[in-house]
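Below you'll find the structure, written out as structure tokens, and then a few comments.
The values are calculated or read from the model by the stated rules, or taken from the named source; none is laboratory data. Small disclaimer: the values here were computed from a predicted structure and weren't measured. Backbone-built Cβ (ideal geometry, glycine too); neighbour counts: all protein chains shown.
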């Protein structure tokens, strides 16, 4: 791995080349000042620790929230949710939702999860949704 | 909104209202009076304050770490604006806070609200965890110390870690961290470790916190003079804990099949992985069983082989299939075990094994007293093995149930689908694309379902669907009944065949053919297990269900019905027919025969799974690709495969009493099955298209393993031990009326030898022999379940109440933000007007 001063560029994480969230994951865990998404060894450890078996639901939901928050403003607003759904459904055109469906989907999501009705999903609301899904912990895992 | 607020205590009215929180109405009343009074004073000072705020905010820049003092600044300013508004001016209420007309100041204020900064600022995380450690400490102590409370006003928020207003911006975060470290020190070690582990900070920061906490502790410890022995105890405890952690990490590194499982999960995701994890779990159960029976039964008997009356038969290849022949007189079966006490060979006998018949007489050797009562050992080993398995099963079942149980019935299907459905384990590019496609299709289906939920089926349609369901169930039940009846008749026919051949002594003429004919019933049963689920799938194809998870449950229940009824018939055949009259088929040892039958069934099950993998998966994939020209590979049917595993395990549990080495056979079978299934899945299958809820399914499978499977096996074994007469010429329980007598006799002997142990005898008589104990235990169990369900109901109600409360708070927030914006707009036009007036003059 080199010394602690060496950095791992995000294109070198070959295992996750096909993961649509790879850029966000690198960005969230990176502590470099250049904001280029490169990871030091400690950052890589943090990444593995958050995605490991023994991380609690709290930690996983916290990092999942930060990964899904594409504009880094602390909440998931409509733009974040739209980008999230596009990442999930894939890059190709035939697997994208129509704008009408997207709007309906996002309205439904906000209706279901936005408890204080401020138009965005904040961390507590996100954790509330996550806590009701028992599959989250097993799917938010990277096995080394 | 209730936490992290400071209230300006200067205003007398406000103070009066806040000191009586019981009567919340007075607070609001005083508020409105305040606003009504102050609405006359409309000073320019507010505009200047807002500009000051803007300047402060501009200086901040795009920094991720939010200063806590700035938050307090904002709150105080916001509240000052509130007081200057008119209460009746409601015109600018908007429904959501997403208006684009917000000024940049409003947006900045919005972005620094506590609910939005928790997710991204380190200071917020530290303060949140400070509150949590405070709560934990309070819970651990009976009465919290007064000095932990701050001088905050509202009693209802007192003690939530609210401090007096600190204006020192630099020192706030550091002191917060110090206080957190202080709290961590005062917790017990396990609590501290758990708190640290749960904090979503980076590893470097967590280790820093831990170091600080330990350092202070060491300082405070070295201050006092600790006596020698407790320091030694302290070091021993630390050393033990270190060695325990290193042992755990060593165990973790020894993971079986880690690379293979990673490859499977990388290609197919968590759903298919759950099948292989279930297989691994079963392997460990069998390993445990094998260890227990191996050490306590097989090993002693293998070391002290009994004298055989007949010579041992020759080894022909057929034994591996039928389990009979050469294997009949080995340690594999019940019949080999002796019913006397085994002794270590004594020196004066020149090394020959010393044997004595039971009835309590024991020969004492000069060397020492190592006797091993075989009947007792057999009885207690089987009992203890089943008991341990039961405990482990119930524990894993309750743990799995706790993980997958959700209090709220899901209203939020779409949100959960979007937030939780991405499986990060999948690595392969094609699988990722496939997963994206699956998610796309599922989202489309869910959207369609949600939007067109109001479509009502006409009564005619409902009736039609009901009829189709009824028809499908009728087909399945009829086929199951027919097959079960067929198995019953066929086994009876084979039984009669055996009776005839034993009477006519045809066995001497063609022993191999006779032994091969014993394979007929297992082959039939395995064939039924293979073909009938296909029929159930066909029947399910014509049915139409509302929700996607119901077909899975229906198919599981149909398969379960088939397997349970087949096993029930077989048990009746063995225990009711064979055990009742073993002489008629020429058996001297019916237990060995039953053991062999179970071995044959297990083996045939394995062979047919292999055939199914070959034809069902490999050839079907070739067929669908080349002939049907389908793009996709066949789907791996997880539920069916897991049920087959459960069936095999039931056979293994049924057979432990009669064949102590059966767990070893099962271990071998599972080991081979893992590799075969893995290679087949990688080559021939793809992940399931329909949404598969992994935790729920895993819970169901563990429950099925516990309840029909293990419970049925233990009921059979208990019935055998309790009521059926063991054969008189073989096995460790010959000459006893039931197997249970072995334990009873031992207790009586103990009582005779040592009258002080009569308490043990009484306990044995009342607890083990009396079925009342079981009823009482079951009753207590049910009461505990009832209490827990009531608690869950109460929690559900509380969740609804809290949700309403949060909605109301949200309304408050909306109101305040719109007011802020309104005031800002007013002041801006006011200042512009003033400026234009000034400039015009």
Check whether at least one residue in region B:339-354 is in contact with a helix residue (DSSP H, G or I) (Cβ under 6 Å, 6 or more places away or on another chain), at pLDDT below 85 and farther than 30 Å from residue B:596 by Cβ, and report yes or no. no
Specify which of the listed residues (B:472, B:516) is assigned to a helix (DSSP H, G or I) and either touching a strand residue (DSSP E or B) at 6+ places or on another chain (Cβ under 8 Å) or modelled with pLDDT under 85 (or both). B:516
For residues that are within 22 Å of residue A:132 (Cβ to Cβ) and more than 8 Å from chain B (Cβ to nearest Cβ), tally how many sit in region A:68-86. 2
Would you confirm whether or not region A:84-102 contains a residue that is part of a loop (DSSP other than H, G, I, E, B), surrounded by fewer than 15 Cβ atoms within 10 Å (Cβ to Cβ) and at pLDDT 85 or above? yes
Please give the number of the condition residue A:50 fails out of (1) surrounded by fewer than 23 Cβ atoms within 10 Å (Cβ to Cβ); (2) in contact with a helix residue (DSSP H, G or I) (Cβ under 7 Å, 6 or more places away or on another chain); (3) more than 7 Å from chain B (Cβ to nearest Cβ). (1)
Are any of the residues in region B:407-421 at the interface with chain A (Cβ under 9 Å from one of its Cβ atoms), modelled with pLDDT of 85 or more and not in a helix (DSSP H, G or I)? yes
Name, by its number, the condition in (1) more than 7 Å from chain B (Cβ to nearest Cβ); (2) touching a strand residue (DSSP E or B) at 6+ places or on another chain (Cβ under 6 Å) that does not hold for residue A:96. (2)
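Here's the yes/no breakdown for (1) outside any loop (DSSP other than H, G, I, E, B); (2) at pLDDT 80 or above; (3) buried (at least 16 other Cβ atoms within 10 Å of the Cβ):
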residue	(1), (2), (3)
B:167	no, no, no
B:184	yes, yes, yes
B:192	yes, yes, yes
B:195	yes, yes, yes
B:208	yes, yes, no
Failed item, numbered, when residue B:716 is tested on (1) more than 30 Å from residue B:277 (Cα to Cα); (2) in a helix (DSSP H, G or I): (1)
Yes or no: residue B:393 in a helix (DSSP H, G or I), more than 8 Å from chain A (Cβ to nearest Cβ), touching a residue at least 60 places away in the same chain (Cβ under 8 Å) and in contact with a strand residue (DSSP E or B) (Cβ under 8 Å, 6 or more places away or on another chain)? no
Just the residues that are more than 17 Å from the chain's Cα centre (by Cα) and facing chain B (nearest Cβ under 7 Å), please, taken from region A:114-142. A:115, A:116, A:117, A:118, A:119, A:132, A:134
Have a look at A:126, A:70 and point out the one that is in contact with a strand residue (DSSP E or B) (Cβ under 9 Å, 6 or more places away or on another chain) and assigned to a helix (DSSP H, G or I). A:126
